[in-house]
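> Attaching a single structure in C-alpha cells format; questions to follow.
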Amino acid sequence: MNSDENSRLDTSPETTMGEGNYENPWIYKGSTFTSDNIGDFFGYVYCITNLQNGRKYIGRKYFTQRRKPRSGKSKRRVTSESDWKKYYGSSPELKEDVKHFGNQNFKREILSLHSTKGTVNYEETKQLFLNNVLIESLDDGTPAFYNSNILGRYMKKDYGQFGRNNTNIS
C-alpha cells in the first residue's frame, strides 16, 4: 500500500456539513466521509461493528460502478457512483442483523483508502488474514466476525471450530 494514500485526505470536522448528512455515515479518522472526500480514491477497506454484540465484518467497497445503460442494446458501459453510502457488506448474516437491530446499532468505519482496484483488493485480503476472521471468537464462543470466507477459497466451516470440542486447527 502506498503510504501516501491515507495521508492525502482532509478529515477536518467540516466534512460533516452539507452533503455529509446521510444515514449512519461512514467514519474515516474520526470524521464523516462524503462524496466530496473521494477525490482520486478508487475504493476503501472497512470494518462494520455490531454495537449490540461486538461482532464485526471486514470488507471492501469501490466508489464507482460500471454498468450497461438501461436500454441494454449498447455495448458501452456507464460509470457512476456506487451505493457505498448505503452499503452494509455482502454477508447475509450481517444484513439480517442490520434489519433486526436497526442500522443505528452498527458502526461503519473506513480503515483505509486506496487509489487502485488492486490495492483495495490486496488490503482487504491482508486485513481478513491479520484479523483471523475465520477463527476468532467472542468470549461466549460466538464467531467474532460475520465473514464466512476469504477470497471464496478459505471457508470458516473448514477453519473455525465454533461449537466443536476439538480446538486444534490443522
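> Based on the mean of other beta carbon atoms within 10 Å per residue, what is the order of 48-61, 89-102, most packed first? Walk me through the numbers before you get to the answer.
Working: 48-61: 18.1, 89-102: 14.9.
Final packing ranking: 48-61, 89-102.
> I've got another one for you. Using 0.36 nm per residue of separation minus the Cα-Cα distance, give me the extension gain between Thr142 and Tyr154 in nm, one decimal.
That pair, Thr142 and Tyr154, stretches by 2.4 nm at full extension.
> Ok, one more. Stretched out fully, how many nm does the piece from Phe162 to Thr49 gain, at 0.36 nm a residue minus the Cα gap? Walk me through the numbers before you get to the answer.
Working: separation 113, 0.36 × 113 = 40.68 nm, distance 1.98 nm.
So the chain would gain 38.7 nm between Phe162 and Thr49.
> Let me ask another. Using the structure shown, select from Lys85/Lys157; Lys107/Lys156; Lys68/Lys126; Lys29/Lys68 the pairs with a Cα to Cα distance greater than 29 angstrom.
Working: Lys85/Lys157 31 Å; Lys107/Lys156 23 Å; Lys68/Lys126 32 Å; Lys29/Lys68 35 Å.
The answer is Lys85/Lys157; Lys68/Lys126; Lys29/Lys68.
> When every alpha-carbon pair in segment 23-157 is counted, what percent end up more than 18 Å apart?
On the way: 5299 of 9045 pairs.
Summing the P(r) of segment 23-157 above 18 Å gives 59 percent of all pairs.
> With labels modelled as points extended 7 Å from the Cα through the Cβ direction, what inter-label distance (nm, one decimal) is found for Arg77 paired with Glu93?
3.2 nm
> Under the √(5λ) rule applied to the eigenvalues of the Cα gyration tensor, what semi-axes describe the equivalent ellipsoid of segment 64-127? Give them in Å, descending.
Numbers: eigenvalues 148, 76, 21 Å².
With the √(5λ) rule applied to segment 64-127, the semi-axes are 27, 19, 10 Å.
Values in this text are rule-based calculations from the coordinates and carry no lab data. Remember, predicted model here, so these are calculated numbers, not experimental data. We place every Cβ from the backbone using ideal geometry, glycine too, and count neighbours over all the protein chains shown.
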